[in-house]
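**Q** Quick one: the structure is below, and I'll ask about it shortly.
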Amino acid sequence: MIHFDQVSKRYEGGHEALSSVSLHIEKGEMVFLTGHSGAGKSTMLKLITRIEKPSSGQLRVNGQLLNRLRAYQVPHFRRHLGIVHQDHQLLMDQTVFDNVALPLIIAGEHPNDVTRRVRAALDKVGLLKREKYQPIQLSGGEQQRVGIARAVVKKPAILLADEPTGNLDPALSKDIMRLFAEFNRVGTTVLIASHDLGLIARLNYRVVSLQEGRLLTTPFSGAAS
Ligand code: ADP
Ligand code: ADP
């Protein structure tokens, strides 16, 4: 589903943020990406979402060789990705419903489908009763769950998250990780960048670590054990 083959990334005027990274994530996996601040976690996510391009190496995501992807093909490619941000990036002057509906509206979905799918997504994150609220009326954990509903409303093949629990206390963080696990259980491939090692250690998923742009070779630590 996500295949990095000797991918390097050097930002303009910067040093090498990623050095010859090879990582294969199969369909249906849930993987944590860890590493200190500056290790290159966000850069890997930005390459997957095609916000940035590799300087060298091959990157294949959802069957697409990103090196060959043309600018006009990017929006279509991104439809298969759901992205959760640390600060949720909700529109604060819109209702919960409208925030979650946005990706479907942009994709030109029929209004009937929009309503049905937004409610289904809100139901999955336990916020059906909050659809008419503004984000400001919700707690931090609830806001993050709205962000997750918005990320999954198009049923993406791949769900990506960059420090999704960065602003939450441990109990809420656990709830958020449980939600990701639920989407993974129904087939979504999940990649979560997080430096919350304590939390990750207690979950039984594959963990890959970056150190100064290099992937540390760690044995597979998946749920199979
Ligand atoms: P992490 O997400 O693990 O904190 P990042 O991927 O954000 O790490 O950063 C990796 C390295 O790349 C850091 O040294 C950072 O300063 C550098 N970097 C990130 N974005 C840019 C950019 N747009 N321009 C130049 N350097 C950048
Ligand atoms: P459809 O009938 O369009 O296939 P469903 O009624 O099955 O949609 O699901 C509605 C909503 O449930 C989706 O828009 C999405 O928010 C959520 N959903 C269902 N399955 C998944 C999944 N595997 N991954 C992520 N979200 C999902």
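The values are calculated or read from the model by the stated rules, or taken from the named source; none is laboratory data. Keep in mind it's a predicted model, so treat the numbers as computed, not measured. Here the Cβ positions follow ideal geometry from the backbone for every residue, glycine too, while neighbour counts run over all protein chains shown. All accessible areas refer to the heavy atoms of the entire protein, side chains included, with ligands and DNA or RNA removed. Shrake-Rupley method; radii C 1.70, N 1.55, O 1.52, S 1.80 Å.
**Q** Show that you can apply the helix-only estimate: for the chain, add -39,500 (n - 2.57) for every DSSP H stretch of four or more residues, divide by all residues, and state [θ] at 222 nm to the nearest 500.
**A** Details: 7 runs with 73 residues, N = 225.
One gets -9500 deg cm²/dmol as the mean residue ellipticity at 222 nm.
**Q** Something else about it: Compute the acute angle (0 to 90°) between the alpha-carbon long axis of helix 170-185 and the principal axis of greatest extent of the alpha-carbon atoms of the chain; round to the nearest 10°.
**A** Its long axis makes an angle of about 80 degrees.
**Q** Given DSSP loops and a limit of at most 13 other Cβ atoms within 10 Å, what is the longest stretch of the chain that contains no such GluC sites (Glu not before Pro)?
**A** On the way: sites that count: E12, E26.
Looking at the chain, 27-225 is the longest stretch - no exposed GluC sites (Glu not before Pro) with at most 13 other Cβ atoms within 10 Å.
**Q** On to the next question. Going down the table (K27/K155; K129/K154; K9/K155; K129/K174; K46/K124), which pairs top 25 Å between alpha carbons?
**A** Details: K27/K155 14 Å; K129/K154 20 Å; K9/K155 29 Å; K129/K174 22 Å; K46/K124 27 Å.
Correct reply: K9/K155; K46/K124.
**Q** For segment 90-155, would you read off the P(r) tail past 20 Å as a percentage of all alpha carbon pairs? Spell out each step's value before the answer.
**A** Numbers: 317 of 2145 pairs.
The proportion of pairs with Cα distances above 20 Å equals 15 percent.
**Q** On to the next question. Under 8 Å for C-alpha pairs, at least 6 residues apart: give me the relative contact order for segment 90-155, rounded to a whole percent.
**A** On the way: 72 pairs, mean separation 33.6, N = 66.
Result for segment 90-155 is 51 percent.
**Q** Here's a follow-up. Would you kindly derive the ³J(HN,Hα) couplings of segment 41-53 from the backbone phi angles with the Karplus curve 6.51 cos²θ - 1.76 cosθ + 1.60 (θ = phi - 60°), listing them in order in whole Hz, with x for Gly and Pro?
**A** 4, 4, 4, 4, 5, 5, 6, 5, 8, 6, 7, 10, 10
**Q** Which order do H15, H85 take by accessible area at a 1.4 Å probe, largest first? Write out the running numbers ahead of the final one.
**A** On the way: H15 140, H85 60 Å².
The ranking, largest first, comes out as H15, H85.
**Q** Hey, another quick one. Keeping every protein chain present and rolling a 1.4 Å probe, give me the accessible area per residue for segment 42-145 in Å². Write down the numbers at each step before the final one.
**A** Values: 5830 Å² over 104 residues.
The answer is 56 Å² per residue.
**Q** To continue, here is another question. Quick one: which residues, 5+ away or cross-chain, put their amide H under 5 Å from the amide H of V84? H built at 1.01 Å from N.
**A** L160, A161, D162
**Q** On the full set of protein chains, 1.4 Å probe, figure out the accessible area of F77 and give it in Å² to the nearest 10.
**A** 10 Å²
**Q** Rank H24, L216, L90 by how far each Cα sits towards the positive end of the charge dipole of the chain (+1 on Lys, Arg Cβ; -1 on Asp, Glu Cβ) and give me just the farthest.
**A** Projecting each Cα onto the dipole axis, the largest value belongs to H24.
**Q** Identify all aspartates and glutamates with a Cα-Cα distance to K41 below 12 Å; exclude those on the same chain that are fewer than 8 residues away in sequence.
**A** Straight-distance partners of K41: D162, E163, E212.
**Q** If Lys and Arg each add +1 and Asp and Glu each add -1, what is the summed charge of the other residues whose beta carbon sits under 13 Å from the beta carbon of R68? Write out the running numbers ahead of the final one.
**A** Numbers: positive: R50, K53, R60, R70; negative: none.
Taking every other residue near R68 into account, the sum is +4.
**Q** Can you tell me the length gained on complete extension of the stretch T115 to S56, counting 0.36 nm per residue apart and subtracting the Cα distance? Could the numbers behind the result be given before it?
**A** Values: separation 59, 0.36 × 59 = 21.24 nm, distance 4.28 nm.
Result for the pair: 17.0 nm of gain on full extension.
**Q** Of the options A120, Y133, A201, report the single residue whose Cα projects farthest towards the positive end of the charge dipole of the chain (beta-carbon charges: Lys, Arg +1; Asp, Glu -1).
**A** It is A120.
**Q** Please state, as a whole number in µm²/s, the translational diffusion coefficient that the Stokes-Einstein equation yields for segment 13-54 at 4 °C and 1.567 mPa s, with Rh defined as the Kirkwood radius across alpha carbon pairs.
**A** Details: Rh = 11.7 Å.
In µm²/s, the coefficient is 111.
**Q** When the dipole is taken about the Cα centre of the chain, and only Lys, Arg (+1) and Asp, Glu (-1) are charged at their Cβ, what size is it in debye, to the nearest 20? Before the final figure, lay out the partial values.
**A** Working: 29 positive and 21 negative charges, 130 e Å.
The dipole of the chain has a size of about 620 debye.
**Q** Take every Cα pair under 8 Å in the chain that's 6+ residues apart, average their separations, divide by the length, and report that relative contact order as a whole percent. List each step's numbers first, then the result.
**A** Numbers: 414 pairs, mean separation 66.4, N = 225.
Relative contact order for the chain comes out at 29 percent.
**Q** Give me the percent of accessible area attributable to carbon and sulfur for the chain, probe 1.4 angstrom. Walk me through the numbers on the way to the answer.
**A** On the way: 5780 of 11640 Å².
Carbon and sulfur together cover 50 percent of it.
**Q** Right, another one. So what J values fall out for segment 21-30 if you push phi through Karplus, 6.51 cos²θ - 1.76 cosθ + 1.60 with θ = phi - 60°, rounded to Hz, Gly and Pro as x?
**A** Ordered by residue, 3J(HN,Hα) equals 8, 10, 8, 10, 10, 7, 4, x, 7, 10 Hz.
**Q** Which ³J(HN,Hα) values, rounded to whole Hz and listed in residue order, are derived for segment 75-83 from phi using the Karplus coefficients 6.51, -1.76 and 1.60 in 6.51 cos²θ - 1.76 cosθ + 1.60 with θ = phi - 60°, glycine and proline given as x?
**A** x, 5, 4, 6, 4, 8, 10, x, 10
**Q** When the expected Rg is taken as 2.2 N^0.38 Å, what fraction or multiple of it is the alpha-carbon Rg of the chain? Write down the numbers at each step before the final one.
**A** Numbers: Rg = 17.3 Å, N = 225, 2.2 N^0.38 = 17.2 Å.
Its radius of gyration relative to the 2.2 N^0.38 Å reference: 1.01.
**Q** Explain nothing, just the number: dipole magnitude of segment 90-155 about its Cα centre with +1 on each Lys and Arg Cβ and -1 on each Asp and Glu Cβ, in debye rounded to the nearest 20. All intermediate terms of the calculation are to be shown ahead of the outcome.
**A** Values: 11 positive and 7 negative charges, 51 e Å.
The calculated dipole for segment 90-155 is roughly 240 debye.
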